[in-house]
1. In this structure, does ILE59 turn out to be at pLDDT 90 or above, surrounded by 16 or more Cβ atoms within 10 Å (Cβ to Cβ), assigned to a strand (DSSP E or B) and not charged (D, E, K, R)?
2. Quick one: in segment 24-34, which of the residues that are in contact with a Gly (Cβ under 7 Å, 6 or more places away or on another chain) and either surrounded by fewer than 13 Cβ atoms within 10 Å (Cβ to Cβ) or part of a loop (DSSP other than H, G, I, E, B) (or both) is modelled with the lowest pLDDT?
3. Please tell me if PHE107 is in contact with a His (Cβ under 9 Å, 6 or more places away or on another chain), under 21 Å from GLY44 (Cα atoms) and of a type in the set (Phe, Trp, Tyr).
4. Among the listed residues ILE98, ILE133, ILE63, ILE59, identify the single one that is touching a residue at least 12 places away in the same chain (Cβ under 8 Å), farther than 21 Å from TRP158 by Cβ, β-branched (Val, Ile, Thr) and touching a strand residue (DSSP E or B) at 6+ places or on another chain (Cβ under 6 Å).
5. Consider THR88 carefully, then state whether it is of a type in the set (S, T, N, Q) and under 21 Å from ARG128 (Cβ atoms).
6. Condition (residue is of a type in the set (Ser, Thr, Tyr), within 17 Å of ARG84 (Cβ to Cβ) and surrounded by 14 or more Cβ atoms within 10 Å (Cβ to Cβ)) applied to segment 123-142: is it met by at least one residue?
7. In contact with a Ser or Thr (Cβ under 6 Å, 6 or more places away or on another chain), on the phi < 0 side of the Ramachandran plot and of a type in the set (D, E, K, R): which single residue out of ARG94, ARG128, ARG101 fits that description?
Amino acid sequence: MDPFKRIEELELQLDAAHEEIAKLGVDCVSGLLTRGGFEKHLEGRFRSNRRNESPMGIIMCDIDLFKEVNDTHGHRVGDDVITRVATTIQACTRTTDIVARYGGEEFVCILVNADHAGLALLSERIRRMIENISVPGLPKVTVSVGFALQNETDASGWDIVERADKALYGAKANGRNRVEHSTLGDSEVKMICEIERVRPKE
């Protein structure tokens, strides 16, 4: 068979496979749910948690200066960073949590039975673990993180997402590679983490 024709056939098969993966709501680079997959779970989790009086938490992460990675090192390296960050976030969360690629370099987690201390600890752990990722040719990979907890005034899961997103952009504006909450500052988040770290286990 003509090798060029064989390459063309393989490319068509690969495109078809990507389409099938997309239908399942899975992102082919990160291996996580797509934004569409995330949206399918959000309101169901919100209603379930409200019925059970078990607050839902949202954590949003955005890779810092990711455009520079793509522009300087190319999209193959960019995809490698996406994959490594996704794997790290998934390793930090529980199997009952939902992790998705929300946008190009942005990720979102839905966490059940959450509280401020637990969200602060997990957010800081994600930030720290990603900071330790080693990608050949890159000096450092970091993320900015924002989190929010469900409250009694929330009408939908999107209210929590909006607060987490606002906190994320606060982290970006305040220097990147940090964790913020809609009502807690970076120093308060770190204080929570330190208190939880030294608290005796029951």
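The values are calculated or read from the model by the stated rules, or taken from the named source; none is laboratory data. Nothing here was measured: the structure is a model prediction, and the numbers come from that model. All Cβ positions, even for glycine, are placed from backbone atoms using ideal geometry, and neighbour counts span all protein chains on display.
1. Working: at pLDDT 90 or above: yes; surrounded by 16 or more Cβ atoms within 10 Å (Cβ to Cβ): yes; assigned to a strand (DSSP E or B): yes; not charged (D, E, K, R): yes.
Yes; evaluated as a whole, the condition is true for this residue.
2. GLY25
3. Spelling it out, it is not the case that PHE107 is in contact with a His (Cβ under 9 Å, 6 or more places away or on another chain), under 21 Å from GLY44 (Cα atoms) and of a type in the set (Phe, Trp, Tyr).
4. The conditions single out ILE63.
5. yes
6. So far as segment 123-142 goes, yes, one or more of its residues are of a type in the set (Ser, Thr, Tyr), within 17 Å of ARG84 (Cβ to Cβ) and surrounded by 14 or more Cβ atoms within 10 Å (Cβ to Cβ).
7. Matching residue, one of ARG94, ARG128, ARG101: ARG101.
Residue-by-condition table, conditions (1) more than 17 Å from the chain's Cα centre (by Cα); (2) surrounded by 15 or more Cβ atoms within 10 Å (Cβ to Cβ); (3) modelled with pLDDT under 65; (4) farther than 24 Å from GLU131 by Cα:
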residue: GLU8; (1), (2), (3), (4): yes, no, yes, yes
residue: GLU19; (1), (2), (3), (4): yes, no, yes, yes
residue: ALA22; (1), (2), (3), (4): yes, no, yes, yes
residue: GLY36; (1), (2), (3), (4): no, no, no, yes
residue: ARG51; (1), (2), (3), (4): yes, no, no, yes
residue: ASP64; (1), (2), (3), (4): no, yes, no, no
residue: ASP71; (1), (2), (3), (4): yes, no, no, no
